[in-house]
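Here is the structure we will look at, set down as C-alpha cells.
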Amino acid sequence: MSLHDGSKHAGDLSLDADVVVVGSGTGGAVVAAVLAEAGRRVVIVEEGRHVPQQEYGRLSPSQQMRAMWRDAGLTFAVGVGDSPMINVMMGKCVGGSSTLTGGVCFRTPGFILRTWREQRGLAEFSEEHLAPYFEEVEREINVVEVPAALRSRSTVLFNEGATKLGHPLKPMRRNTKDCEGNSKCNFGCPTGAKRSVDLTYLPRAFAAGAQLWTHCLVQQVTNAGGRASGVEGRLLHGVTGEPLGRFVVKAPRVVLAAGGYHSPLIAMASGVGRASGQVGKNLTLHPGFRVMGRFDEPVEGWRGALQSMYSDAWEHEGMTLTSLFVPPGVLAAMLPGIGPKHADNAQLIRHLGIFGGMVHDDGGGVVRRGPGREPFVTYRMAAKDKAIVPKLIRVMADIWFAAGAKEVTIPVLGTAPLTADQLRAFDLEHVKGRDLECSSQHPLGTCRMGATKESSVVDANGEAWELPGLTIADGSVVPTSLGVNPQLTIMAMALRIARRVADAKA
Amino acid sequence: MSALRAFAEALFSTPAGPPPPDRIDWVSREMEDYLVRAGSRARWIFRLSLFALMWGAPLFVGALPTLRRLPVARRIEALTKMEESFIAAPVLAVKAFLCVVWYEHPDVQREVGYVGRATFPMALPGTSLPSAAGERAP
C-alpha cells in the first residue's frame, strides 16, 4: 500500500525512512520518484488530501477550490506601499499545484540563466547543462505544442488583434496528452489529459516503493548533532484541517518541497536562515493582470484549451502576455454592478474574451510566520514593476480593440467597462496599487539558491547551508523571477537536485 | 448566515425581483461548506468583510445599519454606492466568492449561456448538490 490517509490514523504516528519528502507537488514528486528508484526508502508527507483524477475531474470549480486549493483560494500577499493585494493560487493536495496549473511549460530563458551565473554565482546553470534535465522531464510529462485547433475563440480573436498591430502570438507548449480543450485546467483536468505529477512522477515513486501520507502538516525539521534527522508535525482532520495526533518521520535526509510560502516557514521553524537572514525573503510572484474584451458576437471562450498562445514581444520591458480563461463565476465577479446591473453584465459573459499579462518582477515579497499555521506574506512591488502595469493594461486593451472589441474591462477595482476613447482618457498611470486587481500563481525565491551562505539559503545542489541533511527542491529555491511560467524550471531543478542526492553517499 | 443571505438577495436580484428563496438557501449552504474548508484565517477575513458591508453600506444611503434591515431595493442602492467608493474592498471580496459559487448552479449557467463541461456531477463530503428543473446531478 503506497497511499495512506493520515486523518484516519488513530493516535500518534511514527515512521522511519532513508528520505522524507515534504510535499507532493512538482518538486517533491520528482525527487521522490528519482530517490525511490535509486533504492532509497522514501516517505512523502503531504498536508492536503488525495483526490483521484477521476474525482477531481468531475468537481465544479468551487468544489475543486474547497478540496484542493490552499485556503480554498483565499491565499493573499498583502500589498505594502503602492502595491496591490495579490491573490496567490496554490495547491494543497496530492500533486500540489501541478493539478491546478494551465500546464504551460517554458524552459528557463537563456538571459535568466546568464543572470544566475553572473549575479548569483551559479556557474553550472547554462542552457547546455540543464538541457538533459529539461528533456527528461518533458518526455515524462509529455510536453507538446498546443495545436491550433484547440485554441479558444477568445485566443483566436486576441491573436487577430495582436497580428493587426504587428505582434502575432506564439503557440505555447503544455504537458498534455489527448487534450479535448475543456478549458478547466485550473480546476482539475476532467479527462486526465494534463500530465500532472499525480499521474506521472508519483505513480513512478509508488512503483519503486515510496509511501505517501496525506493530512500531515510538517511543523519543523528535527535536528540531531547539527544534522537534519527527520520531520515532526500534526495529523490533520480530513475536512476542517483541525490538528489531531502527532507524527514523526525519522530520516537522515529531509527534502523540503512545500512551495514558496511553506518551505521557508518550515525552514524558519527549524532554525535555518538565522545566519544569512535570507529565508522567506526575495519572494517574486509574477503579478498577473487580466483584461477582458466585450464583443458583439458570442465568444464562448470556455470552448478550447485554457491556455494555448503567448507573446514575448514585450519581454525586454518585463512583461509577458498569456492566454487564459476563467469560469463564468469568476468572470461575473470581475464585472461591476449589484442587482439588475449585475444581472445585465452577467448576460455579457459569453461575449467576453480574456487575456492575461504578467510582470517579470523583482523580489519584493517577504514570508513571515503568521499568527496561525499560515504565513503572513507581504509584497512591495518595485517602482519599476508598478510602472510597467499601465503599459501592460494598455497593450492588452489595444489588442482587444484591434480585434473588434466594443469595450474592455480593465483590472482596476470599481471601474466600469471602457470604450477605446474612454480608455485613452483614463489616467492609468496614477491608479493606486491598492486599486489594482492582481493575482499570482508563481511564488518563487524564498529559499533561494546561491553561491554563498551569506546571500542564499541553499547551495547549487539544493542543500541548506545551515543544516546538513536538509535539501530544498521546489519553487522557493529558484533564485529570481523567470518572466515565464515556472513549472518546468522547478521540475528540472528538482530532478537535478534529486540526482545529486542519489549520487551522494548515504 | 442571515447577513450573507441579505447580501445575496441584493446582489443577484434582477428587474423581476430577488432570486427564488431555494436558490438563496442553496448558495448559503454552499458558502457555509466553503468557509468550513477554507481555514480559520480565510473565515475571519470573509466574516470581517461581511461585517464591514453590513454596517458600512447603509451609511452610503443615509440609513442606519444594518444592511439586512433595509428593503432589497435600498440594499442594492447602498451596495452599489459602496462598490463605487474608495472602500469597495469588502463588497468586492464577498461578491467574488458568492459569484464563484452562484454561477455553478445549473439554472444560472443556462441563464447566462454557459455550456462548459463537468459542473456538479458529484458532492464533496457534506456538500449539497443543486437541483434544477430537468437537470439533476447524476
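The values are calculated or read from the model by the stated rules, or taken from the named source; none is laboratory data. The structure presented is a predicted model; accordingly, all values stated were derived computationally and were not measured. No Cβ is skipped: glycine too gets one built from the backbone with ideal geometry, and neighbour counts run over all protein chains shown. Surface accessibility is based on the protein's heavy atoms, side chains included, excluding ligands, DNA and RNA. Shrake-Rupley method; radii C 1.70, N 1.55, O 1.52, S 1.80 Å.
Couple of notes before you dig in:
- Positions within the range A:396-414 being under 31 Å from the mean Cα position of the chain (by Cα) and either of a type in the set (G, A, S) or open to solvent by less than 20 Å² (accessible area, probe 1.4 Å) (or both), in sequence order: A:M396, A:A397, A:I399, A:W400, A:A403, A:A405, A:V408, A:T409, A:I410, A:P411, A:V412, A:G414
- Entirely in the range A:19-135, the helices (runs of 4 or more DSSP H) that have 2 or more residues that are modelled with pLDDT of 95 or more and among the small types (G, A, S): A:26-37
- Filtered residue count, the range A:452-473, keeping only those that are on the phi > 0 side of the Ramachandran plot and either among the polar types (S, T, N, Q) or open to solvent by 40 Å² or more (accessible area, probe 1.4 Å) (or both): 0
- The residues of the range A:272-300 that are within 14 Å of chain B (Cβ to nearest Cβ) and open to solvent by less than 10 Å² (accessible area, probe 1.4 Å), listed by number, are A:F295, A:V299.
- Checking the stated criteria, B:A132 turns out to be more than 8 Å from every other protein chain (Cβ to nearest Cβ), closer than 28 Å to A:W302 by Cβ and either under 19 Å from the mean Cα position of the chain (by Cα) or modelled with pLDDT under 90 (or both).
- Yes/no for B:R75 being among the basic types (K, R) and in contact (Cβ under 8 Å) with a residue 24 or more places away in the chain: yes
- The single condition among (1) open to solvent by 10 Å² or more (accessible area, probe 1.4 Å); (2) at the interface with chain B (Cβ under 8 Å from one of its Cβ atoms) that A:D12 does not satisfy is (2).
Every residue, every condition in (1) in contact with a strand residue (DSSP E or B) (Cβ under 7 Å, 6 or more places away or on another chain); (2) under 30 Å from A:Q54 (Cα atoms); (3) at pLDDT 95 or above, yes or no:
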site: B:R41; (1), (2), (3): no, no, no
site: B:L59; (1), (2), (3): no, no, yes
site: B:F86; (1), (2), (3): no, no, no
site: B:L92; (1), (2), (3): no, no, no
site: B:F97; (1), (2), (3): no, yes, no
site: B:V100; (1), (2), (3): no, yes, no
site: B:D107; (1), (2), (3): yes, yes, no
site: B:R117; (1), (2), (3): no, yes, no
site: B:P121; (1), (2), (3): no, yes, no
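- Among the candidates B:E83, B:E9, residue that is without any contact (Cβ under 8 Å) to a residue 40 or more places away in the chain and under 25 Å from A:G414 (Cβ atoms): B:E83
Residues are listed down the side, and each one gets a yes or a no for (1) part of a helix (DSSP H, G or I); (2) closer than 18 Å to A:F295 by Cα; (3) open to solvent by less than 10 Å² (accessible area, probe 1.4 Å):
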| position | (1), (2), (3) |
| --- | --- |
| A:A332 | yes, yes, yes |
| A:G363 | no, no, no |
| A:P371 | no, no, no |
| A:V377 | no, no, yes |
| A:K384 | yes, no, no |
| A:V389 | yes, no, yes |
| A:R424 | yes, no, no |
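- Of the residues A:G337, A:G304, the single one that is out of contact with any Asp or Glu (no Cβ under 6 Å at 6 or more places or on another chain), without any contact (Cβ under 8 Å) to a residue 40 or more places away in the chain and in a loop (DSSP other than H, G, I, E, B) is A:G337.
- Of residues in the range A:225-247 being open to solvent by 50 Å² or more (accessible area, probe 1.4 Å) and in a strand (DSSP E or B), the one farthest from A:A10 (Cα to Cα): A:R227
- Residue that is open to solvent by 50 Å² or more (accessible area, probe 1.4 Å) and more than 14 Å from chain B (Cβ to nearest Cβ), where the choices are A:R153, A:R204, A:R174: A:R204
- Filter result for A:R70 (more than 16 Å from the chain's Cα centre (by Cα) and of a type in the set (K, R)): no
- The criterion of at least 2 residues that are over 26 Å from A:R66 (Cβ atoms), facing another protein chain (nearest Cβ under 8 Å) and open to solvent by 20 Å² or more (accessible area, probe 1.4 Å) is met by the following helices (runs of 4 or more DSSP H) wholly inside the range B:1-96: B:72-83.
- Which listed residue is without any contact (Cβ under 8 Å) to a residue 24 or more places away in the chain, open to solvent by 10 Å² or more (accessible area, probe 1.4 Å) and not hydroxyl-bearing (S, T, Y), from A:A343, A:A269: A:A343
- Here A:G357 passes the criteria (1) more than 7 Å from chain B (Cβ to nearest Cβ); (2) open to solvent by 20 Å² or more (accessible area, probe 1.4 Å) except the one numbered (2).
- Any hit, the range A:79-87, residues being open to solvent by 30 Å² or more (accessible area, probe 1.4 Å), within 14 Å of chain B (Cβ to nearest Cβ) and among the hydrophobic types (A, V, I, L, M, F, W, C): yes
- No other residue among A:R70, A:R49, A:R66 is basic (K, R), touching an Asp or Glu at 6+ places or on another chain (Cβ under 9 Å), within 14 Å of chain B (Cβ to nearest Cβ) and open to solvent by less than 10 Å² (accessible area, probe 1.4 Å) apart from A:R66.
- Options A:V279, A:V218, A:V255: the member that is assigned to a loop (DSSP other than H, G, I, E, B), among the hydrophobic types (A, V, I, L, M, F, W, C) and under 21 Å from the mean Cα position of the chain (by Cα): A:V279
- Within the range A:366-398, the residues that satisfy the criterion of being within 14 Å of another protein chain (Cβ to nearest Cβ) and either hydrophobic (A, V, I, L, M, F, W, C) or under 13 Å from A:G433 (Cβ atoms) (or both) are A:F376, A:V377.
- Looking only at residues in the range A:162-173 that are outside any loop (DSSP other than H, G, I, E, B) and touching an Asp or Glu at 6+ places or on another chain (Cβ under 8 Å), the one that is farthest from A:T200 (Cα to Cα) is A:K170.
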